[in-house]
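Q: Got a structure for you, written out below as structure tokens; questions coming shortly.
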Amino acid sequence: MTQTEYEQIMQQVKREPLPKRSDHEIAHLVEDLLRKMTIQDQLGQCFLTAFHGEFTYGPEFEAADVPTLVKDGMAGNLIGPYDNKVGYKMQEIAITQSPHKIPLLYANDIIHGCRIGFPINLAMSGSFDPALVERAVKVIAYETSHSGTNITFSPMLDIVRDPRWGRVVESPGEDPYLASVMAKAYVRGFQQNDLLSYDTVGTCIKHFVGYGAVEAGRDYNTVDMSERQLRNIYLPPFKAAIDEGAVALMSAFNIYDGVPITANKFLLRHLLRDEWKFDGVTISDYESTDEIINHKIAESREESAQICMKAGLDLEIISDSYVKYLKKHAEENNELKQAITDAARRVLTLKYRLGLFDNPFKNIYVNFEEKWLKEENLQVAEEMAEASIVLLKNEKILPLNNQKILFTGPFVDTNHVVGAWGGKVRNEDSVSLLDALQESNIAYSYVKGYALKEGKEDDLDALLEEAKASDVIVMTFGENQWDSGEASSKADVHLHPAQLRALKAVKTLNKPIISIVMSGRPLIINQVEELSDAVLYAWFLGTRSGTAIVNTLIGKCNPSARLPMTFPRHIGQIPLYYNAMQTGRPARDPNNYYTSKYLDVPNTPLYAFGYGLSYSSFDYSNFVLSTKELRKEQVLNVTLDITNTSKVAGHEIVQLYIEANSFSVSRPVKELKAFEKVWVEAEQTKTVTLHVSYDAFGYYNINNEFTPEQRTYHIMVGSSSDNILLTDKIQTR
Ligand code: BGC
């Protein structure tokens, strides 16, 4: 097919509103189809594959066997496409040549940007701004939906507590409540409650569940936790996303209670289907059906396929054991046969819900690049990037004024600021710090000085020379954008010594130092904190990175983000998180030797969850609780005044935590239950009301029932998990 032929055909693809079908009508259509399908046809719908050399569709495409699989109805779903023309061709084969002319479903990993790069997900979570995150994700959905993709393997909803784990970069952080709020924002952003829209994509939430608890932070390592811990800490964001309408869910690589999630009947059937009534598609992770052989719960692919299908895993991705082995077993085993039909039913239903039967080319466009990098969308990326920068320290040095500023280090002249899982986002489109400085009025100079690790480019002499002639030195630190992400765990999360050497050398000049740290995870940055006058944590901010940082340095943007994960001060403290369980020997009394403490480091983190500064300062007052006794279905309204005591307008993030005074099981020392990001004009006061439902006090108790019990709770409001400013108590009845 020539390009011209392709374009002519695509011109005929109508973009009219797709027919809205009721669940009943879809069920009817799907049953009709299922009746005509053989078990092997149904298994074809339960397989998602990729082209070999999947991301470089070129001549290999013609050679690959995928077109034959599609034609034979053996592969009903594909990863990609990375090229819409290929997407068109394959879809055309599916709807004209495959046995039942069923359209393909295209899935892709669009995590924090399709072509416009948004901040890494961990950073977006730290904005504590679900409305902005939803707007950002809506842009991501817009670009994705014009790039051939029908569903995205996103959002990643793993609660994380260990910065050694490289995948913290994709996560919403350590707190179940913040993660649940973000989960809903992502699902709304991607799906806009309208799966038939041409501007939305379906979501596949992942990795269900507990993957963030891999032991020692080593990716793909084992996980062990109680059901209570799973339910209270790890499951809530998944439940929130499902309640918001997420259409698919990916099983995690790890085990839960000895059974890989991909083969875990308790989780995939009893919990998801029976308890939560989830009717979307369950999808394996990359070859995770085969991996249950490595977990030693199956001896062959033939066996693993049967175990996973019976457990309730609908769709196998990449490995092909379902299509290869299940047919013959299904003929002799009714349970398996039923499971296959149920799985195919859910996949077909999803294709109907997405409108693919009505327009299989719904997300395929010839001129899809025109939809990318639109200025109004880049503006959203800039806003999101600004809202994700955390100010960790400021000794009255920021924002910058008219001084002579030297910029130095590895993150000034680089556009490698996208972070892991960038999709089609390109470094080349990203604004480096140096690009943004050139556009600004800052009187700056730049000396590279030192790199991420020591190398040939290091020139501390040149750096010190220039530093002597400057008023302020802005130093950049961090880790490479690929040092976090899948399979990118690290045993040591310190900055490289070469960077600290540069910091100490500059410090000898006794000039103000502003440090900017870029990284996909919390790093241990004690010395940066100690030796700098100001510290900004800039994560990886994506396409508008440089602009957002410069705007923050000059005060055009007043930093407002907070830490979505605790920053340890010592590697031996890991895992360290604010919502730790109570202990029988809390380290409250310094005169008592026998408490839960270390001899060599304090228990406290360098920076706590929820911490972050702004160029404004705020006072909290007039704390009023709407009731002292909360009954079922009631809402506690907590009202307070926030006064901006500075001359700069800014955001404050008011955080409400609770602590159960007693309960039938031990609970965390603090649990975030509400927050509000409020804009307060300079020297003004705003009244804020936080709402906490009766259920928000709930916890899986001694009988594994979700209940607040009839207990006393401390209500604590503050500007971070370790800065509680107002407290009171209530009673649940
Ligand atoms: C990752 C998933 C991803 C999948 C498909 C896996 O290796 O764990 O997060 O969605 O690949 O690309």
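Q: By a straight-distance test (C-alpha under 24 Å), which lysines pair with K597 as possible cross-link partners, with residues fewer than eight away in the same chain excluded?
A: Here the lysines satisfying the reach criterion relative to K597 are K670.
Q: For the stretch 241-375, report the translational diffusion coefficient in µm²/s to the nearest whole number, using Stokes-Einstein at 10 °C, 1.306 mPa s, and a Kirkwood Rh over Cα pairs.
A: Approximately 98 µm²/s, per Stokes-Einstein.
Q: What is the diffusion coefficient of the chain in µm²/s, taking the Kirkwood radius over Cα pairs and the Stokes-Einstein relation at 20 °C with a viscosity of 1.002 mPa s?
A: 79 µm²/s
Q: What is the Rg over Rh value, at two decimals, for the stretch 142-238, using alpha-carbon atoms and the Kirkwood definition of Rh?
A: Value, to two decimals: 1.03.
Q: Sticking with this one: Applying a 10 Å radius around every beta-carbon, put 176-189, 68-81, 477-490 in order of their mean neighbour count, most first.
A: 176-189, 68-81, 477-490
Q: Need the C-alpha centroid separation for the stretch 469-546 versus the stretch 608-645, integer Å.
A: The stretch 469-546 and the stretch 608-645 have Cα centres spaced 33 Å from each other.
Q: Computed from the mean reciprocal separation of all distinct C-alpha pairs, what Kirkwood hydrodynamic radius does the stretch 616-733 have, in Å?
A: With all distinct Cα pairs of the stretch 616-733 included, I get 14.9 Å.
Q: Another question about this same structure. If you take the Cα atoms of the stretch 24-175, find Rg, then find the Kirkwood Rh from the mean of 1/r over all pairs, what is Rg/Rh?
A: Expressed as Rg/Rh, it is 1.06.
Q: I would also like to ask the following. Over the chain, what relative contact order in percent results from Cα pairs under 8 Å that are six or more residues apart?
A: Result for the chain is 13 percent.
Q: Measure nothing but the geometry: give the 0 to 90° angle between the long axis through the Cα atoms of 301-311 and the longest principal axis through the Cα atoms of the chain, rounded to 10°.
A: 80 degrees
Q: Straight-line reach from K490: which lysines have Cα under 23 Å away, leaving out those fewer than 8 places along the same chain?
A: K490 reaches K206, K453.
Q: Through the Karplus equation 6.51 cos²θ - 1.76 cosθ + 1.60, θ set to phi - 60°, convert the phi angles of the stretch 30-40 into ³J(HN,Hα) values in whole Hz; use x for Gly and Pro.
A: Listing the rounded values in order: 5, 4, 4, 5, 4, 4, 7, 8, 6, 4, 5 Hz.
Q: Let me have the 222 nm mean residue ellipticity of the chain computed from DSSP H runs of 4+ only, each contributing -39500 (n - 2.57), with the sum over all residues rounded to the nearest 500.
A: Per the formula, -8000 deg cm²/dmol.
Q: Now for a different question. In whole Å and largest first, what semi-axes does the C-alpha gyration tensor of the stretch 431-517 yield when each eigenvalue is scaled by 5 and square-rooted?
A: 25, 17, 11
Q: Moving on to the next point. Mind listing the Cα extents of the stretch 307-373 along all three principal axes, in Å, largest one first?
A: Largest first, the stretch 307-373 extends 52, 24, 18 Å along its Cα principal axes.
Q: Going by accessible area, probe 1.4 Å, with all protein chains left in place, what is the ranking of I658, I702, largest first?
A: My answer, sorted largest first, is I702, I658.
Q: Among the listed pairs K89/K337; K374/K677; K404/K511; K396/K686; K374/K448; K393/K673, give every one whose C-alpha distance is greater than 21 Å.
A: K89/K337; K374/K677; K396/K686; K374/K448; K393/K673
Q: Which far-off residues, 5 or more places away or on another chain, put their amide H under 5 Å from the one on L725, with H placed in the peptide plane?
A: Placed amide hydrogens put V717, G718, S719 under 5 Å from L725.
Q: For R521, R544, R345, R733, what's the largest-to-smallest order of accessible area, 1.4 Å probe?
A: Ranked list, largest accessible area first: R733, R345, R544, R521.
The values are calculated or read from the model by the stated rules, or taken from the named source; none is laboratory data. Predicted model, so just to flag it, every value in this text is computed and none were measured. Glycine also receives a Cβ, built like all others from the backbone with ideal geometry; neighbour counts cover every protein chain displayed. These accessible areas exclude ligands, DNA and RNA; they are computed on the full protein's heavy atoms, side chains included. Shrake-Rupley method; radii C 1.70, N 1.55, O 1.52, S 1.80 Å.
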